[in-house]
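First up is the structure itself, then whatever we jot down about it.
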Number of protein chains: 2
Amino acid sequence: MDIPQPGEVRRPTIEGVRRLNLGRVLRLVHATGGVSRAVLTHETGLNRSTIAALVAELEAASLVEEQAPSVTGQVGRPSPLVAPGDRVVAIAVTPELDAVTAEVVSLGGRRLARVRREVASVPTPEETVEVTVSILEELDHALRGRLVAGIGLAVPGLVREREGLVVLAPHLGWSDEPIGQRLGAATGLSVVVSNDASLGALAESRFGAGRDVPNMVYLHGGPSGIGGGLVLGNAPLGGVDGFAGEIGHTLVVGSGRRCDCGASGHLDAEVRREELFAALGLSDAEGDRIDEALREAYEHGPSAELAELVDRDLELVAVAIANTANVLNPRLVVLGGFLSALVVVAGDRLRERVAELALPGVAASLAIEPAALGPSHIAVGAAELAFEPLLDDPLAFRFPATAVS
Amino acid sequence: MDIPQPGEVRRPTIEGVRRLNLGRVLRLVHATGGVSRAVLTHETGLNRSTIAALVAELEAASLVEEQAPSVTGQVGRPSPLVAPGDRVVAIAVTPELDAVTAEVVSLGGRRLARVRREVASVPTPEETVEVTVSILEELDHALRGRLVAGIGLAVPGLVREREGLVVLAPHLGWSDEPIGQRLGAATGLSVVVSNDASLGALAESRFGAGRDVPNMVYLHGGPSGIGGGLVLGNAPLGGVDGFAGEIGHTLVVGSGRRCDCGASGHLDAEVRREELFAALGLSDAEGDRIDEALREAYEHGPSAELAELVDRDLELVAVAIANTANVLNPRLVVLGGFLSALVVVAGDRLRERVAELALPGVAASLAIEPAALGPSHIAVGAAELAFEPLLDDPLAFRFPATAVS
DNA sequence: ACGAGTATGTTTGCGAAAGCAACATATAGC
DNA sequence: GCTATATGTTGCTTTCGCAAACATACTCGT
């Protein structure tokens with residue numbers, strides 16, 4: 001249920017080593033979607049015989065499957081492919097203003113099913129639980145015989161991760177909702193709750209633009225404002241309560257507009273999705289088309305109004321990135337949601353401004369990229385979080401009985 | 001030589017477990033300055049017999065010493081005290097505008113010797129190396145027979161830690177100086193170089209206000225401006241190059257004064273030590289008396305000019321803290337240098353303003369405290385950093401031959 | 001002063017886990 | 001079909017931490 005905090009020391013007994021190694025192997029299989037045993041050997045630095053034993057143990061637990069070696073054309077005995085077990089899945093739930101969506105994601109990251117259930121009005125926590133349960137019943141056939149590692153719930157707002165508590169989600173109108181507990185009780189599954197942008201960060205870090213980059217900052221522009229997430233040293237940084245990453249609430253202009261949080265001049269208040277959508281003539285529902293629409297507008301020469309808005313947004317985002325980069329010295333900043341559109345049409349100008357605003361050394365090793373994953377990346381991150389306890393200690397993990405047929 | 005990055009996995013072999021446990025024990029002995037074997041047993045969760053073996057191994061390497069049990073008045077057989085070996089030391093070097101200081105710090109944190117050598121003009125890297133070598137010769141008697149773990153060099157500026165390279169230290173007039181390498185060659189010792197505020201953060205985290213607080217932000221107001229350091233998950237966060245923590249270069253007012261770094265409105269440009277010193281009638285050399293002087297001024301009622309300056313500084317520091325806290329969600333912010341004086345005279349107002357400016361959840365779990373260590377805490381942090389490789393892998397560590405008599 | 005109770009140190013044997021070496025096997029290249 | 005190469009497989013060895021039994025030194029109560 002917990003995200004392992006960096007610095008939390010695993011019990012350093014001999015069995016602890018086994019658990020660690022099992023976790024490392026399963027993590028590699030999960031991250032790659034399937035690797036040869038030879039690669040596992042090289043990647044972990046462990047002995048051939050040890051890897052064989054570890055894989056056998058994971059296979060006995062149906063967490064991985066060994067498959068015939070693929071034809072590689074390489075010299076030497078072919079190494080069998082170790083693939084994620086297709087019975088193991090996690091469920092990602094995303095409540096939005098007009099719908100609740102649940103997706104079934106397999107170990108290895110394949111999306112097996114997706115059900116979006118529209119709701120008449122902004123869903124309450126109770127409705128979210130109800131709808132989720134109902135979707136799970138609908139998905140019964142797809143889940144029969146599967147091992148469900150848990151549910152990951154992505155909420156646009158402040159979430160106290162340890163307790164599964166939504167402290168404040170202004171756009172959903174939720175406050176102090178112990179939704180993790182409720183959804184857990186209703187489904188019999190273990191539930192992890194997190195901020196949507198933090199989950200986007202996790203997804204981009206593991207499968208997207210941040211692959212192989214250990215120190216990354218993610219900025220997400222969503223319908224409910226600008227959020228962010230941090231991945232430092234390959235681990236998601238949650239902070240004390242799991243609130244970390246709220247880069248939207250950084251001062252970017254003096255005496256600026258009033259922010260929802262009470263302060264003024266925050267990025268979240270100054271750079272608004274609605275404004276960009278209005279300037280482009282896009283409706284709210286066409287959120288996924290923003291990259292394309294903005295690029296088209298720029299190909300034909302943007303209107304003066306649009307150009308001015310983009311320039312202003314760019315400048316303010318540059319300030320926020322420079323501030324954050326000076327504090328964290330990351331290798332990469334990834335922009336997602338409607339912010340990725342800004343990088344697509346004017347990435348070089350953004351990079352230029354950040355280079356001017358950030359400390360020279362910091363700017364020199366900083367890359368700025370648009371998100372590589374599609375709009376469903378938040379679900380991927382939510383599933384990822386739900387898989388985490390399993391990946392940390394594969395054999396100790398107990399799948400809930402209800403989900404096993 | 002490297003700071004271990006969180007997420008860097010130690011080779012998980014069986015000998016790796018031993019190394020890890022030896023490190024944990026030595027770290028505990030170092031952090032406490034001496035503990036009973038019984039406490040080590042409870043603290044590590046290891047078996048009595050295991051602890052006995054580990055301590056014996058560390059003792060054989062003269063890293064620790066077992067001493068007669070102290071009279072405790074407790075039931076049961078008394079447990080022998082495990083103290084840091086008094087032969088093991090690190091050397092902290094701090095070049096300043098008008099002097100170079102070297103201190104000998106023993107494992108366990110006791111300061112054994114301190115030599116401050118004044119220089120006529122701001123020391124160049126070459127002079128710093130020369131003076132350090134000369135101080136070490138002077139300290140020869142104190143170092144005879146000791147095991148010197150290494151040198152920690154604290155520099156006010158941007159330091160690429162991995163390479164021991166000072167990228168830019170404006171106040172010393174250094175840029176792109178590979179001082180780590182040079183000082184290493186001149187002394188035959190391994191040298192680690194870091195930013196002074198980052199080292200202050202490390203010291204406060206291990207021995208000061210941040211004891212037992214895993215997530216901490218440190219803000220240091222020194223003669224060369226405002227720097228900072230981060231300790232997250234008990235580990236110092238350096239970022240990609242070791243530049244992380246530059247909270248002084250965060251936007252706190254729109255269209256403000258020009259900062260040395262080229263941007264405007266940064267905390268470092270807006271809150272100046274000189275201004276506070278001038279308002280208090282303090283000379284630059286009386287830096288250590290600032291807490292006292294400001295408190296005295298406030299006891300007698302501050303002048304209108306002073307009160308206005310403090311209020312302004314307070315407000316700007318509050319903005320920087322709120323921004324940083326929203327991004328990192330730490331448990332504690334520690335203010336050092338002249339900034340600690342602000343907390344001492346007006347801590348409650350500062351806390352109040354931060355509570356208004358930061359997100360409610362973030363502010364709720366945030367404490368703001370003045371630094372608990374004296375002005376020499378940067379040296380303590382530098383020694384700490386020099387000890388790090390030894391604490392990480394005690395038996396693999398090889399002391400340089402030159403220092404062993 | 002002496003025994004009971006308690007916490008800890010010490011010794012010994014055991015089990016778990018990873019490494020290693022020798023052998024077996026499957027591929028590419030000639 | 002032979003050789004070189006890379007990998008899987010098997011059995012043995014080493015390291016390490018743990019548990020249990022015993023030894024030791026202290027407090028407390030009588």
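Go through the stretch A:350-366 and give me each residue that's open to solvent by less than 40 Å² (accessible area, probe 1.4 Å) and either part of a helix (DSSP H, G or I) or in contact (Cβ under 8 Å) with a residue 60 or more places away in the chain (or both).
Here is the first cut: in the stretch A:350-366, the ones open to solvent by less than 40 Å² (accessible area, probe 1.4 Å) are A:350, A:354, A:357-359, A:361-363, A:365-366.
Selection gives A:350, A:354, A:357, A:361, A:362, A:363.
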Criterion violated by residue B:320 - all others in (1) over 23 Å from the mean Cα position of the chain (by Cα); (2) surrounded by 17 or more Cβ atoms within 10 Å (Cβ to Cβ) satisfied: (1)
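Let's see how each residue does on (1) open to solvent by less than 50 Å² (accessible area, probe 1.4 Å); (2) modelled with pLDDT under 95:
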residue	(1), (2)
B:6	yes, yes
B:12	yes, yes
B:28	yes, no
B:39	no, no
B:45	yes, yes
B:53	yes, no
Close pairs from the stretch B:66-77: first in the same structural domain as residue B:38 (by TED's automatic domain parsing), partner within 8 Å of DNA strand D (Cβ to nearest atom), Cβ under 6 Å, at least 6 apart: B:69/B:78
Strands (runs of 3 or more DSSP E) within the stretch B:113-178 that include 3 or more residues within 20 Å of the chain's Cα centre (by Cα): B:147-155, B:158-160, B:165-169
Per-region count, the stretch A:278-305, residues farther than 13 Å from residue A:346 by Cα and open to solvent by less than 10 Å² (accessible area, probe 1.4 Å): 1
Residue that is nearest to residue A:138 (Cα to Cα), among those in the stretch A:83-102 that are open to solvent by less than 10 Å² (accessible area, probe 1.4 Å) and touching a Lys or Arg at 6+ places or on another chain (Cβ under 8 Å): A:102
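Please specify each residue of the stretch B:106-120 satisfying the condition of being touching a helix residue (DSSP H, G or I) at 6+ places or on another chain (Cβ under 7 Å) and open to solvent by 10 Å² or more (accessible area, probe 1.4 Å). Write out each step before concluding.
Just the residues of the stretch B:106-120 that are touching a helix residue (DSSP H, G or I) at 6+ places or on another chain (Cβ under 7 Å), to begin with: B:107-109, B:112-113, B:115, B:117, B:119.
If the condition is that a residue be touching a helix residue (DSSP H, G or I) at 6+ places or on another chain (Cβ under 7 Å) and open to solvent by 10 Å² or more (accessible area, probe 1.4 Å), then B:108, B:109, B:112, B:113, B:115, B:117, B:119 are the ones that fit.
Restrict the check to the stretch B:339-347 and report whether at least one residue is under 25 Å from residue A:157 (Cα atoms) and crowded, with 19+ Cβ neighbours inside 10 Å. Let's see the steps before the verdict.
From the stretch B:339-347, those under 25 Å from residue A:157 (Cα atoms) are none; that's our starting set.
No, every residue in the stretch B:339-347 fails to be under 25 Å from residue A:157 (Cα atoms) and crowded, with 19+ Cβ neighbours inside 10 Å.
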Qualifying position, being more than 23 Å from residue A:182 (Cβ to Cβ), more than 16 Å from DNA strand D (Cβ to nearest atom), in contact with an Asp or Glu (Cβ under 9 Å, 6 or more places away or on another chain) and in the same structural domain as residue A:187 (by TED's automatic domain parsing), among A:121, A:106: A:106
Hits in the stretch A:55-69 - residues which are farther than 21 Å from residue A:20 by Cα and open to solvent by less than 70 Å² (accessible area, probe 1.4 Å): A:69
Tabulated pairs, the stretch A:312-331, first within 9 Å of chain B (Cβ to nearest Cβ), second basic (Lys, Arg), C-beta under 9 angstrom, 6+ apart or interchain: A:319/A:353; A:322/A:353
Pairs where the first residue, in the stretch B:283-298, is more than 17 Å from residue B:309 (Cβ to Cβ) and the second is open to solvent by 90 Å² or more (accessible area, probe 1.4 Å), C-beta under 7 Å, 6+ apart: B:288/B:375
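Checking the conditions here, which among A:245, A:262, A:254 is of a type outside the set (Lys, Arg) and either modelled with pLDDT of 95 or more or open to solvent by less than 10 Å² (accessible area, probe 1.4 Å) (or both)?
Numbers: A:262 fails: either modelled with pLDDT of 95 or more or open to solvent by less than 10 Å² (accessible area, probe 1.4 Å) (or both); A:254 fails: either modelled with pLDDT of 95 or more or open to solvent by less than 10 Å² (accessible area, probe 1.4 Å) (or both).
Matching residue, one of A:245, A:262, A:254: A:245.
The values are calculated or read from the model by the stated rules, or taken from the named source; none is laboratory data. Remember, predicted model here, so these are calculated numbers, not experimental data. Positions of Cβ are backbone-derived with ideal geometry, glycine not excepted, and every protein chain shown enters the neighbour counts. Just so you know, the surface numbers come from the protein's heavy atoms only, side chains and all, with ligands and any DNA or RNA stripped out. Shrake-Rupley method; radii C 1.70, N 1.55, O 1.52, S 1.80 Å.
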